[in-house]
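Taking it in order: structure first as structure tokens, then the write-up.
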Amino acid sequence: MSEARRKAAPPPRRKKHWALRVLGWLAALLFLGIIASVAAFFVVYQTTKIPDPNKEFATNTTTVSYSDGGQPLGSFFEQNRHTVPLAQIPKHVQDSVIAAEDRTFWTNPGISPQGMVRAAWNIAQGEQLQGGSTITQQYVKVMYLTQERTVSRKLQELFIATKLGRQQDKSKTLEGYLNTIYFGEGAYGISAAGDAYFKQPDPRKLTVPQTALLATVLNNPSLFDVDDDDPRTKKRIINRYQYVLDGMQQMGTITPAQEAKYANKLPALDPKEKNSRYQGPKGYLLDMARKELLQRGFTEDQISGGGLKVTTTFNYSQQKKMIVAAQQELPDKRDNLHVGMATVQPGTGALLAMYGGPDYLKSQLNWATTKARPGSGFKPFALAAALKDGKSIYDIFQGDSPIKIQGQKLGNEFNRDYGDVTLLKATEQSINTAFYDLVDNQMDDGPNKLVDAAEAAGIPKTKALETGRHNPSTVLGPDPYASAVDMAEAYATFAADGVYAPLHVIKEVKGPDGKVLWSEKSLDKQKKQAFDQNIARTVNYVLQDVVTKGTGTGAKDLDRAVAGKTGTAGGVAVEDRAENKACDGCKEGSATLTSWWTGYTPELSTAVVYRAGKTGESDLDPYSDDKAFFGGNWPLKTWLAFMKPALDGVPDAEFPEPSEDTIKDTSTPTYTPPPSTPPTTPPTTPPPSTPPPSTPPPNTPTNTPTNTPTKTKPTKTTTTPVIPTLPTGGPTTKPTDTPRTPGGGQ
């Protein structure tokens, strides 16, 4: 073959860049993945069957028991449910729910793509599964599935909802939804909800504002709780209520004029009386347990209809003894007198018993969890802060009255002078000026360190307490910093050698199948050494001195190792505030508003607070024959009435002693005994809680104390008897605002 007839060789092919080859493979894999996903979806869709409605839906009432798991405490709700056909549910009722929960209900395929994306994002972030669920999805979750929040259950819900949306008439789905969805207050379905909130079980007789409010509540009965007086909750309800009305107006159900009219205010409630299961003191326990379940992540419908078996930390025997003490060991005059009481097990945080009032049905104000002014009950936190700051219990401070702090003249109870005193003596006799001197003069940033110590011990962080970081009077607890539950919990930290354990009232939660869904063991990781062991032991040492020869000598009747602190907080009684304002503060500090005794042994920490009047802001002094309603009198007597039987048969245990260097006295302070007759000049600070006449007065100390203060040494091996555990505190009701008056008595 000639050269001319040969074909020319083809030009060499250029190789593709490696990045293009990789992109090609990725595109192919993505395409195959999409095909596989679509195929898998249709396979699962075709094999998914719509199950029969959950037959046990209406019978899964949650039960609650005491700590032994056998003695019943009660139950939350018997499910209130009454089915009505869609034909008897007016359009404005239907539309209110659609406007609130799923405005595309009539046109969507039963699922929400946006909700699916959000759920996927939550899963990827490791957060709790949520739905932005359609009405169809919500109905499926209630009627066909369990209340589990798992990935598999969420996927199952999506497939069933998709199939239901295609195969079942929308009207039938809406009818089922309106008869099963939970509205709070134990009410399932629109008929039961109308009855629970307005005493109107017939949906045809519900007004537009009433149905709009019911549609508001069903979104989250806890978040939109109409019984909650918190202004933030009220604002949320109003905003959501107006959102529902706006949706109804856009759907043409109501006119713009009607929307404007209805949006001005919420409809008046006419609720049914609460079930008798909440009657008496135990109603406060049930309410507290329910609130903690919500905090632990259980939903309202799980709590009322999930068939849970809840075991609390409340001890049946201890609770009975506390009720007897709180209702019988009281002054003769008892009208409008209130007692709040709580006992916590040191080292566990378990609330063993609580007394919030005589009858929950008559008043939902829980005097054991309502914040109050702790007065001198806050001084032990100042003591702990001072020890951490390097101070000694034998450092000397000003005991004379008054003392000038940041331009204010602050004084002792009845303006008594004590001379120079040690921190030990100042705590024993509850000398206000010495603590002002300690916190505000002798410690850098003292109020801030005091608040740190209080929160470390277990006093909850609140706006009022945080404000106290900047106030010179914080050491005397002039504002509502703590409740009886809070104080029992915080002092329990000292009793437990400085170990903080989170307060709780739920011991264990099981599902209907007996599976443990939550246990108090999960709280162990939150325990911590809040205070150095020697600091805690020194606080215990000093607070035992309060009992042996200070303001709490009545506690010696317990006849075992006891530490504690009295506290009173003064101010202006609510009845006198208008007059006080008119006279430019002439009645400041004229009333005792709270009176406390918080005392503890190695086994139990118990706080008792007394208050008076409808809001707890009236004067306590008329209820006592003493010069003021001292914490060392009735609060201590009520405490003893509980602690004696509560510890009957429990082996004695001593508090471990602090190091010898800590309690070795090298000081020689001057101590001036208080005058035998207090001056007649009205006090400028709240009434004190000096040792009442009914208790033996402390021995008059000499000018030069002995090297080592009197203290009973432990003679036994420390034992820790087994005591049942106890629950956490719930939301609190703020007291009526009153002018802040620094100070408080003993």
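The values are calculated or read from the model by the stated rules, or taken from the named source; none is laboratory data. This is a predicted model, so every value here is computed, not measured. All Cβ positions, glycine included, derive from the backbone under ideal geometry; neighbour counts span all protein chains shown.
Looking only at the range 226-270, residues that are among the charged types (D, E, K, R), under 20 Å from I98 (Cα atoms) and outside any helix (DSSP H, G or I) come to 0 in all. Has the range 569-589 got any residue that is crowded, with 24+ Cβ neighbours inside 10 Å, modelled with pLDDT of 95 or more and closer than 18 Å to A490 by Cβ? No, the range 569-589 has no match at all. Which pairs turn up if I take residues in the range 545-560 that are without any contact (Cβ under 8 Å) to a residue 12 or more places away in the chain and look for partners that are among the polar types (S, T, N, Q) with beta carbon separation below 8 Å, at least 6 apart in sequence or on another chain? Note: pairs meeting the criteria are K556/T548.
Taken as a whole, the structure places V310 among residues that are under 27 Å from the mean Cα position of the chain (by Cα), part of a strand (DSSP E or B) and of a type in the set (A, V, I, L, M, F, W, C). In the range 223-233, the residue that is modelled with the lowest pLDDT out of those that are over 25 Å from P201 (Cα atoms) and loosely packed, with under 15 Cβ neighbours inside 10 Å is D229.
Report yes if G194 is assigned to a loop (DSSP other than H, G, I, E, B) and not assigned by TED's automatic domain parsing to the domain that holds W367, otherwise no.
Working: assigned to a loop (DSSP other than H, G, I, E, B): no; not assigned by TED's automatic domain parsing to the domain that holds W367: yes.
Against the criterion (assigned to a loop (DSSP other than H, G, I, E, B) and not assigned by TED's automatic domain parsing to the domain that holds W367), G194 does not qualify.
Contact map, the range 311-329: residues that are under 27 Å from R296 (Cα atoms) paired with residues that are aliphatic (A, V, I, L, M) and in a helix (DSSP H, G or I), Cβ distance under 6 Å, separation 6+ or inter-chain. Pairs shown: T312/A289; F314/L285; Q318/A646.
Among the residues of the range 405-443, the ones that are without any contact (Cβ under 8 Å) to a residue 60 or more places away in the chain and under 21 Å from G554 (Cβ atoms) come to 2 in all.
Considering the range 60-114, and only residues there that are within 30 Å of H504 (Cα to Cα) and among the aromatic types (F, W, Y), the residue that is modelled with the lowest pLDDT turns out to be F77.
Each row is one residue, and each column tells you yes or no for (1) part of a loop (DSSP other than H, G, I, E, B); (2) on the phi > 0 side of the Ramachandran plot; (3) of a type outside the set (S, T, Y).
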position: E588; (1), (2), (3): yes, no, yes
position: V609; (1), (2), (3): no, no, yes
position: L636; (1), (2), (3): no, no, yes
position: K644; (1), (2), (3): no, no, yes
position: D648; (1), (2), (3): yes, no, yes
position: P651; (1), (2), (3): yes, no, yes
position: E657; (1), (2), (3): yes, no, yes
position: T662; (1), (2), (3): no, no, no
position: D665; (1), (2), (3): yes, no, yes
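Please enumerate the residues belonging to the range 517-561 that are of a type in the set (A, V, I, L, M) and farther than 22 Å from S659 by Cβ. Scanning the range 517-561 gives L517, L523, A555, L558. Exactly one residue out of D225, D229 is among the acidic types (D, E), touching a residue at least 40 places away in the same chain (Cβ under 8 Å) and closer than 22 Å to T180 by Cα: that is D225.
For the range 191-207, does any single residue satisfy the condition of being among the polar types (S, T, N, Q), in contact (Cβ under 8 Å) with a residue 24 or more places away in the chain and surrounded by 23 or more Cβ atoms within 10 Å (Cβ to Cβ)? Looking through the range 191-207, at least one residue is among the polar types (S, T, N, Q), in contact (Cβ under 8 Å) with a residue 24 or more places away in the chain and surrounded by 23 or more Cβ atoms within 10 Å (Cβ to Cβ).
With the condition kept exactly as written, say whether any residue in the range 327-338 is of a type in the set (A, V, I, L, M, F, W, C), buried (at least 18 other Cβ atoms within 10 Å of the Cβ) and not in a helix (DSSP H, G or I). So far as the range 327-338 goes, yes, one or more of its residues are of a type in the set (A, V, I, L, M, F, W, C), buried (at least 18 other Cβ atoms within 10 Å of the Cβ) and not in a helix (DSSP H, G or I).
Conditions (1) buried (at least 24 other Cβ atoms within 10 Å of the Cβ); (2) of a type in the set (K, R); (3) in the same structural domain as G564 (by TED's automatic domain parsing); (4) free of Cβ contacts under 8 Å to residues at least 12 places away in the same chain, marked per residue:
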residue	(1), (2), (3), (4)
S483	yes, no, yes, no
A488	yes, no, yes, no
A501	yes, no, yes, no
L517	no, no, no, no
R537	no, yes, yes, no
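Among the residues of the range 271-284 satisfying the criterion of being in a loop (DSSP other than H, G, I, E, B) and modelled with pLDDT under 90, which is nearest to V505 (Cα to Cα)? Walk me through how you get there before you give the answer.
As a first pass, look at the range 271-284 and keep what is in a loop (DSSP other than H, G, I, E, B): 271-275, 279-281.
Among the residues that remain, those that are also modelled with pLDDT under 90 are: 271-275, 279.
Numbers: P271: 28, K272: 28, E273: 26, K274: 23, N275: 22, Q279: 19 Å.
Per the criteria, the residue is Q279.
Just for helices (runs of 4 or more DSSP H) wholly inside the range 359-478: which have at least 2 residues that are surrounded by 24 or more Cβ atoms within 10 Å (Cβ to Cβ) and either hydroxyl-bearing (S, T, Y) or touching a Phe, Trp or Tyr at 6+ places or on another chain (Cβ under 9 Å) (or both)? So the answer is 379-388, 423-429, 432-436, 446-457. Candidates E259, E273, E300: the one that is surrounded by fewer than 18 Cβ atoms within 10 Å (Cβ to Cβ) and among the acidic types (D, E) is E273. Looking across G458, G498, G468, one residue alone is in contact with an Asp or Glu (Cβ under 7 Å, 6 or more places away or on another chain), under 25 Å from R611 (Cβ atoms) and modelled with pLDDT of 95 or more. It is G458.
Take the residues of the range 614-625 that are surrounded by fewer than 19 Cβ atoms within 10 Å (Cβ to Cβ) and assigned to a loop (DSSP other than H, G, I, E, B): which is nearest to the chain's Cα centre (by Cα)? Among those that are surrounded by fewer than 19 Cβ atoms within 10 Å (Cβ to Cβ) and assigned to a loop (DSSP other than H, G, I, E, B), it is T615.
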